Amino acid sequence: MGLKVVEEFLNACSGCELSILNMGETWVDVLKELEFVHMPLLIDNKYFGQTGEGTQIEIPEADIAIVSGSVRNEEQKQVLEEIRKKCKILIALGTCATNGGIPALANMWSKEEILNSIYTNPPKDVPAWLDRVYALDEIVKVDVYVPGCPPHAKNIADAITALIKGETWSLPERSVCDSCPLKREKKASSGTVKRSLENLEFDPEKPLDEMRCIMEQGFLCLGPVTKAGCRGDSDAPRCIRARIGCRGCFGPIRKGAKPMVEMMTAWSSIGLNAQAVPDRRALLNRFIGAHNNLRPLPKR
Amino acid sequence: MGKTLTFQPLTRIKTRTKMVINLDDNGNVTDAHMSMLNLRGFEQFCIGRPAEEMPRIVNRICGVCSCDHHLAANKAVEMAFGVSIPEAAKKLRRLMQHLAWIQNKILQFYFLTLPDFLITEPPRDIMALMKANSELALKAIKMRQLGAMLVEHFAGKVIHPIVVVPGGFSKPMTETEREELLKGAEELLEFAKWTMDFAKKEVFPKYSEIIEKLGVIKTSFIGMVDNGGNHEIYDGKLRLMKADGEIEEFNPEEYADYIAEDIQTWSYAKFPHAKKWGDFALEFDNPTIYRSNCLARINVCEKMPTALAQAELEEFREKFGRPCQYTLLYNYARLIELLCNAESAVEILKDKEITDQNVRAKFEIKEGRGVGCVETPQGTLIHDYEIDKNGFVTKINIIEGPDQNAAAINLSLKQAAKQVIKDGKYDETALNQIEMIIRAYAP
């Protein structure tokens, strides 16, 4: 038998797990080297034993743990800590795990405000919410980061293959723009950033490198401040292939980056007025609200 | 002294849940329930977001039915703004939904369900299926992958798609894409036909005894229908059907007159129910409790929209009646729909008008309320938004597919638990039968 693997989703949507399956036949090959001992989406291992009689959360020992989702409540925190105790290498899978992801938009409100707005009488006998949404590395040590919403199947395959060979893996510190084939002229065609209410200008029969840069067309695209990696082996970033601007789902290019500041610079460098960009704070932190990037604003 | 069994997490399902079973001194079931362990709070944190960005945010509610959330959000925004979309965009959306459902249904049937029927001893999972019948498992893995990659091919992304936009679609389909997709869709149709035959010969007949007994409850049903009362998943009316066949039909935007959501202290799920039909209580035979998703859809509809699926529906009704209350037959209904999805995808792709260049309508931001409703491979989905004059969301209510079955799942699992746990006797295989009932609903 090969390396033992634990896979778990926390404050998540199961999209990352489907991305694992999107490896297709590569996944079948990978399975020859790995033994999954825990993976709620696909296999039946339970924390309190198979007949439900255990008294504490137990997760099997593993060489590699793959965890998707952020940490929202006490139960998820406990499960993550148990996984960390039992594994040698921990992979944070997906942008929820690496940076909080979309669910960390919740960090703009206090937990009480959210629960009281969703329920007239919030449920009590359920795992209690933590004060905010946390990325995995705010709770435990993370060894490998595979960001993306969802991550690209190729990146997951590459990361796992590297670990099987005893190597480590990370995405290069490049931006989506660095991996984008669109044509740039270094100046915007209009003065202000427009909301995405109409389609971009392009000829669908012509290749992507004959289409003008989305930002230069005056529309929102977070390519300059977003980590590259979503294109896998294809010819362009995923949203660009759909003729749509990037919204930052792979998170910042490097640790400690300041997307808010860097994006303002990117806009002004091509002569765009960013004052009209709606909902800027939530937009530029849409996938990275953990690590205290988003927090409740003081009441006016 | 009595005893409590805790099954956490429930497995081969797509949400974080646990099941608790309480036993009395003699080891018989006194109570059982399934709780949703997680809440993310989309209904709060989407407030303040620009309406046109909503389809790219709420698709993250569910990785499995992200396409359906994406569509529902667009429809809600379009209703609020008063936009009607070009014909080609409608075709592209329908195609995308059918293709997304195909790979979902393959996942649900082969990866999550079939191990329960084909593997006699634990572990029961896709890896075990690979050992027991590698040809079958590999075929399923390949076909699921094909379905997913067809969506990626013309839409950029299959999980959390971005290509549907308020007003239509972000790009037209080229003729080359159409031809390539058609080939893929035809292959999936052959696989759907094969799957239906295989399941009718090798799977369901061997389990007829437990199908007629395990987790069977009597409930109402909900599902979308078109103007003729036929099976519909993208745009139509909602139809409620009582166990005795009585029908109520309404436009999705009127849902609040028909449906209310209850709260239980032990779950983050909400419990939608047909408030028109009485007071809600989580009890057997309460007429307000309905079921949603595939079995419900094929129960409430008059006909399926495609030929092969319609023939299967007729055979199904001949055997099991209408409405059919056998919980495990969600798995059968799912395959009738799989066939319908594949037939529909092929049909749409044969229509050359899908490559029309006009795929997005022009519109202006205005204040209003919009309700977007679509079916999902987990149940009927409703997105309800209020939008201010600047195009920002001010209020949001979402009724999610899995929640639509929250009440029914709890009743069926309680019924199943009472059947499989007797006088303190149970083992992993018996307990798994309770989870088979939960999995049938595909939460």
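The values are calculated or read from the model by the stated rules, or taken from the named source; none is laboratory data. Values in this document were obtained by computation on a predicted structure and should not be read as measured data. Using ideal geometry, Cβ is built from the backbone for each residue, glycine included, and neighbour counts are taken over all protein chains shown.
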Tell me the helices (runs of 4 or more DSSP H) entirely within segment A:193-298 that contain at least 3 residues that are under 23 Å from the mean Cα position of the chain (by Cα) and away from chain B (no Cβ under 14 Å). A:259-269
Looking for something in contact with a helix residue (DSSP H, G or I) (Cβ under 9 Å, 6 or more places away or on another chain), more than 9 Å from every other protein chain (Cβ to nearest Cβ) and crowded, with 23+ Cβ neighbours inside 10 Å - is there at least one such residue anywhere in segment A:112-132? yes
From the list A:Asp203, A:Asp209, pick out the single residue that is touching a helix residue (DSSP H, G or I) at 6+ places or on another chain (Cβ under 8 Å), farther than 22 Å from B:Glu53 by Cα and among the charged types (D, E, K, R). A:Asp203
Taking segment B:5-48 only, how many residues are among the basic types (Lys, Arg) and either more than 8 Å from every other protein chain (Cβ to nearest Cβ) or surrounded by fewer than 22 Cβ atoms within 10 Å (Cβ to Cβ) (or both)? 1
Here are the criteria: (1) part of a loop (DSSP other than H, G, I, E, B); (2) touching a Lys or Arg at 6+ places or on another chain (Cβ under 8 Å); (3) crowded, with 23+ Cβ neighbours inside 10 Å. Tell me which single one B:Tyr268 does not satisfy. (2)
Report whether or not B:Leu146 is modelled with pLDDT of 95 or more, over 17 Å from the mean Cα position of the chain (by Cα), crowded, with 18+ Cβ neighbours inside 10 Å and under 18 Å from A:Trp27 (Cα atoms). yes
I'd like the residue in segment A:246-280 that is charged (D, E, K, R) and free of Cβ contacts under 8 Å to residues at least 24 places away in the same chain and, out of all such residues, is farthest from A:Val193 (Cα to Cα). A:Lys255
With the structure loaded, tell me whether B:Ile126 is at the interface with chain A (Cβ under 9 Å from one of its Cβ atoms) and in contact (Cβ under 8 Å) with a residue 12 or more places away in the chain or whether it fails that test. yes
Of all residues making up segment B:173-206, the number that are closer than 18 Å to B:Arg94 by Cα and either of a type in the set (S, T, N, Q) or in contact with a strand residue (DSSP E or B) (Cβ under 7 Å, 6 or more places away or on another chain) (or both): 1
Index of the failed condition, A:Ala157 passing every other in (1) assigned to a loop (DSSP other than H, G, I, E, B); (2) within 21 Å of A:Glu8 (Cβ to Cβ): (1)
Enumeration of residues in segment B:262-294 that are under 10 Å from B:Ala407 (Cβ atoms) and of a type in the set (A, V, I, L, M, F, W, C): B:Ala269, B:Phe271, B:Phe280, B:Ala281, B:Leu282, B:Ile289
Among (1) without any contact (Cβ under 8 Å) to a residue 60 or more places away in the chain; (2) on the phi < 0 side of the Ramachandran plot, where does B:Gly321 come up short? (2)
Given the criteria of a type in the set (D, E, K, R), in contact (Cβ under 8 Å) with a residue 12 or more places away in the chain and assigned to a helix (DSSP H, G or I), does A:Asp131 qualify? no
Determine if segment A:175-188 includes at least one residue that is more than 30 Å from B:Asn358 (Cβ to Cβ), in contact with a helix residue (DSSP H, G or I) (Cβ under 8 Å, 6 or more places away or on another chain) and not in a loop (DSSP other than H, G, I, E, B). yes
Given (1) closer than 23 Å to B:Phe111 by Cβ; (2) surrounded by fewer than 22 Cβ atoms within 10 Å (Cβ to Cβ), B:Asp427 misses just (1)
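Every residue, every condition in (1) more than 30 Å from B:Gln415 (Cα to Cα); (2) not small (Gly, Ala, Ser), yes or no:
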position	(1), (2)
B:Gly167	yes, no
B:Gly184	yes, no
B:Glu190	yes, yes
B:Glu209	no, yes
Residues located in segment B:188-213, provided they are within 14 Å of B:Pro115 (Cα to Cα) and among the small types (Gly, Ala, Ser): B:Ala199
Would you please name the residue that is farthest from the chain's Cα centre (by Cα), looking only at residues in segment A:1-48 that are among the aromatic types (Phe, Trp, Tyr) and over 21 Å from B:Gln145 (Cβ atoms)? A:Phe48
